[in-house]
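Okay, so here's the structure we're looking at.
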2 protein chains.
Amino acid sequence: MNADASVVKMPGLIDPHVHLREPGATHKEDWDSGTAAALAGGFTLVLAMPNTQPPVTGAASLEMTLAAARRKARCDYAQYLGAGPENAGEVASLAGGAAGLKMYLDQTYGPLRLDQMADWRAHFAAWPKDRPIVAHAEGRTMAAVILLAALYERPLHLAHVATREEILLIRLAKEKGLRVTCEATPHHLFLCEEDLPARGLSGGRAEVRPRLATAADREALWANLEVIDCFASDHAPHTLAEKDGAQPPPGFPGLETALPLYLSAVAEGRLSLEDVLMRCYTNPRRIFNLPEQPETWLEVDLQAAGEISAGKTYTRCGWTPFEGWQTRGRLQRVVLRGREVYHDETVLAAPGYGKNIREQG
Amino acid sequence: MNADASVVKMPGLIDPHVHLREPGATHKEDWDSGTAAALAGGFTLVLAMPNTQPPVTGAASLEMTLAAARRKARCDYAQYLGAGPENAGEVASLAGGAAGLKMYLDQTYGPLRLDQMADWRAHFAAWPKDRPIVAHAEGRTMAAVILLAALYERPLHLAHVATREEILLIRLAKEKGLRVTCEATPHHLFLCEEDLPARGLSGGRAEVRPRLATAADREALWANLEVIDCFASDHAPHTLAEKDGAQPPPGFPGLETALPLYLSAVAEGRLSLEDVLMRCYTNPRRIFNLPEQPETWLEVDLQAAGEISAGKTYTRCGWTPFEGWQTRGRLQRVVLRGREVYHDETVLAAPGYGKNIREQG
């Protein structure tokens, strides 16, 4: 095979679950560095989570983060609203301008958390039926929110499925006709708790939510791949100083390491390229009702060998749990809306080039 | 109104949720004292929970408790099987001879507890479709088990609903056509956490599962009375020495105080006699598929005033959280299968008179 024969064109990928940390924690990421990392990872459209400081829970905080995004974003984007105990009406009124509604129902990073099912119900009742809802809900909480969504007759997307119990629950719910979709992260697909020592991940560096599960849980995700609608990085950058500190925040960066991991799995025959495109493009577009990005594509060399190294990344956090991972398959070029925005390991898009795909009018 | 005009006949009542403590803890109750308490409370048929010592989780332990029941029970009865992580097949094979299957999914007294949803699923898959399943599941766990039961297309009875969140969830599930039923206890209907100091209930004496909730939770049960299919005492006797000890077990006795409390609510106009009969006879018979008890009735004086006192009770535990409660409505006589078994505050049935209503052949 000559070199050219291994280069393929792919659509610009979509990451429906990233944390860009602005406003509030731009020392670890902002709309500039985070969207540069997205393009360097092959993602031309990212959906940003609302657990910023302040969290995005209403008109003022939404405008605060979108103002930063307008100035700084290098790839296209939309911003989630966060469900709180008092804001069901307000966020519903803002739904048209947001990626969707995020409901935090289990432990996570930041203050957003809905403990009472009465608050879940208020959001299910108020949020427009045709707009996405994403839940962070683990184990039996996942079963609980699937019930509530079904009772309110609305589709529900389940973030970062991590365990055998969860993926089998979603399989069963889908088989019975419930309108649930889900995503899995690269770290839950490629790592497990048994790997932590060998990867040098201990203390705060091992902390992520949902936690890395067992090898059996990881293999259950692969065994139920057809149940997984999307791959999502859950890109959650924190600095190593924070990860090594007394109260380490949970989260791994992921935007720049996801595609090489997926392509390596393609090279190994564990995934097909079609599997990747379904979960990084086709299904996210459908589930989150995302517009086409015209004249947008990637060029990927499926055969090129590489090695994951935080030294080469655009994310501000400066580390990766996949350090030293040998990969096959490399992103060569990204074109976004007719402009070359990444080439030769260099992001070329300027801050502000990215568009809010939910912008109205 | 003369005295006779206030005396009414009622069917023998059914309590679908009692703990009789045998085998393993007969110092606080056994099949003799517990079924005497049932008759003294107007209950001619009780369904006994499996969290004994050993728990009733298979053929040997079922036979152990039924052997004691055959010798000692004064009223009719059936015995639940307990769902454990390893016994889905065995208990399913015993279903015909049991009251039903009890799944403990949240904190309770004793060792029976199913933490993994995979274990819930094994029981939903194995247990015969036409046999009752009862779940102890609070809050979001209740929502989770309602989903699993719905996915396995089987009816589910929810024990001791205690909060506004729970009763509203069950209301919604019923409105959407799910086959769920539920029960409420006298202590959750007539007490709340704010009452504890005034009733002299502190420390271990206040401990019960589910915990007494707020006054708002209690009022939500009354406001949604039509959603409550059954009243159940959750009679859970422990001695005062245990309740006042270092590790107080949760639970209140209830068999002998339930009916006076319900009749007092009738006298006050908060319940109708029909409300009581629906929840203590008609609905339990239907939900648990219980046979008619021929020539079985109560005589109740609706006007007679009384006062709840542990000094008058048959339960071996020797106390009640309702001590000193002023009541209106008194049980005068109980006839069970043609024999007078209670009269003039005296239980007349001998040990062994009670029948296992699930006995085959």
Specify the inter-centroid distance of region A:17-36 and region A:293-318, based on alpha-carbon positions, in whole Å. 18
Given the protein chains as shown and a 1.4 Å probe, how many square angstrom of B:R333 are accessible, to the nearest 10? 70
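Quick one: net charge around A:A159, please, counting Lys, Arg +1 and Asp, Glu -1 for every other residue with C-beta under 9 Å from its C-beta. List each step's numbers first, then the result.
On the way: positive: A:K102; negative: A:E183, A:D234.
Surrounding charge for A:A159 is -1.
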For B:P85, go 7 angstrom from Cα along the Cα-to-Cβ vector, then report the distances to that same point in the other copies in nm, smallest first. 3.4
Specify the inter-centroid distance of region B:179-242 and region B:90-106, based on alpha-carbon positions, in whole Å. 25
For B:K355, the aspartates and glutamates lying under 14 Å Cα to Cα, once residues fewer than eight places off in the same chain are dropped, come out as B:D32, B:D76, B:E292
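Roughly speaking, what % of Cα-Cα pairs in chain B are separated by over 28 Å, rounded to a whole number?
Numbers: 24759 of 64980 pairs.
Of all Cα-Cα pairs in chain B, 38 percent lie more than 28 Å apart.
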Students sometimes get this wrong: rank B:M278, A:M117 by accessible area, probe 1.4 Å, all chains present, largest first. B:M278, A:M117
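Go ahead and run the numbers for FRET between B:S6 and B:Q107, Cβ-Cβ distance against an R0 of 45 Å, rounding to 0.05.
Working: r = 43 Å, r/R0 = 0.96.
Efficiency computed from Cβ-Cβ geometry: 0.55.
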The protein assembly as shown: antiparallel bridges as % of DSSP beta bridges, rounded to 5, reads 45
The protein assembly as shown accessible area per residue, 1.4 Å probe, protein heavy atoms, integer Å², reads 36
Could you give the radius of gyration (one decimal) and Dmax (whole number) of the Cα atoms in the protein assembly as shown, in Å? 30.5, 107
Which part of region A:20-44 falls in the paramagnetic zone of A:E345, meaning amide N under 17 Å from the point 7 Å along Cα-to-beta-carbon? A:37-42
Across region A:123-129, in residue order, what do the Karplus-derived ³J(HN,Hα) couplings come to in whole Hz, using 6.51 cos²θ - 1.76 cosθ + 1.60 with θ = phi - 60° and x for Gly and Pro? 6, 4, 6, 8, 5, x, 4
Residues of region A:146-173 buried by at least 30 Å² on assembly (accessible area, 1.4 Å probe, chain alone as reference): A:L147, A:L151, A:E165, A:L169, A:L172
List B:T65, A:T214, ordered by accessible area with a 1.4 Å probe, largest first: A:T214, B:T65
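Return the value, in Å² to the nearest 100, of accessible area buried between chains B and A (probe 1.4 Å, both sides summed).
Numbers: alone 13950 and 13920 Å², together 25670 Å².
In total, this chain pair buries about 2200 Å².
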So the carbon and sulfur contribution to the accessible area of the protein assembly as shown, 1.4 Å probe, in percent, is 49
Could you tell me the extents of region A:253-361's C-alpha atoms along the three principal axes, largest first, rounded to whole Å? 46, 29, 23
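Figure the gain on full extension for B:A125 and B:W297 (residue separation times 0.36 nm, minus the Cα-Cα span) and round it to one decimal in nm. Display every interim value, and only then the final one.
On the way: separation 172, 0.36 × 172 = 61.92 nm, distance 3.86 nm.
Computed gain between B:A125 and B:W297 is 58.1 nm.
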Non-local amide H neighbours of A:A304 (under 5 Å, H modeled in plane, Pro and chain starts lacking H): which ones? A:G329, A:R330
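Ignoring everything except DSSP H segments at least 4 long, calculate the 222 nm mean residue ellipticity for chain B; use -39,500 (n - 2.57) per segment, divide by total residues, nearest 500. All intermediate terms of the calculation are to be shown ahead of the outcome.
On the way: 12 runs with 103 residues, N = 361.
The helix-only estimate for chain B comes to -8000 deg cm²/dmol at 222 nm.
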With label points set 7 Å from each Cα along the Cα-to-Cβ direction at A:E359 and A:E63, the distance between them in nm comes to 1.7
Between A:E274 and A:A241, what length comes free when the chain is fully extended (0.36 nm per residue of separation minus the Cα-Cα distance, one decimal in nm)? 8.0 nm
If each K or R counts +1 and each D or E counts -1, the residues other than B:A258 whose Cβ falls under 14 Å of its Cβ total -3
At a probe size of 1.4 Å, how large is the accessible area of A:E138, to the nearest 10 Å²? 50
Note the distances from A:Q303 to each other copy's matching label point, with points 7 Å along the Cα-to-beta-carbon direction, in nm, sorted shortest first. 10.2
Separation in nanometres of the label points that stand 7 Å from Cα toward Cβ, at B:E194 and B:Q53: 3.8
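Under the definition of Cα pairs under 8 Å and six or more residues apart, what whole-number percent is the relative contact order of region A:7-347? Please report the intermediate quantities before stating the final value.
Working: 755 pairs, mean separation 69.5, N = 341.
20 percent.
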Shortest first and in nm to one decimal, what separations exist between B:E193 and its copies in the other chains, measuring from label points 7 Å along the Cα-to-beta-carbon line? 3.1
In region B:94-143, accessible area falls by at least 30 Å² from chain alone to full assembly (1.4 Å probe) for B:M117, B:R121, B:R140, B:A143
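The values are calculated or read from the model by the stated rules, or taken from the named source; none is laboratory data. Nothing here was measured: the structure is a model prediction, and the numbers come from that model. All Cβ positions, even for glycine, are placed from backbone atoms using ideal geometry, and neighbour counts span all protein chains on display. Surface areas here come from the heavy atoms of the whole protein model, side chains and all, with no ligands, DNA or RNA. Shrake-Rupley method; radii C 1.70, N 1.55, O 1.52, S 1.80 Å.
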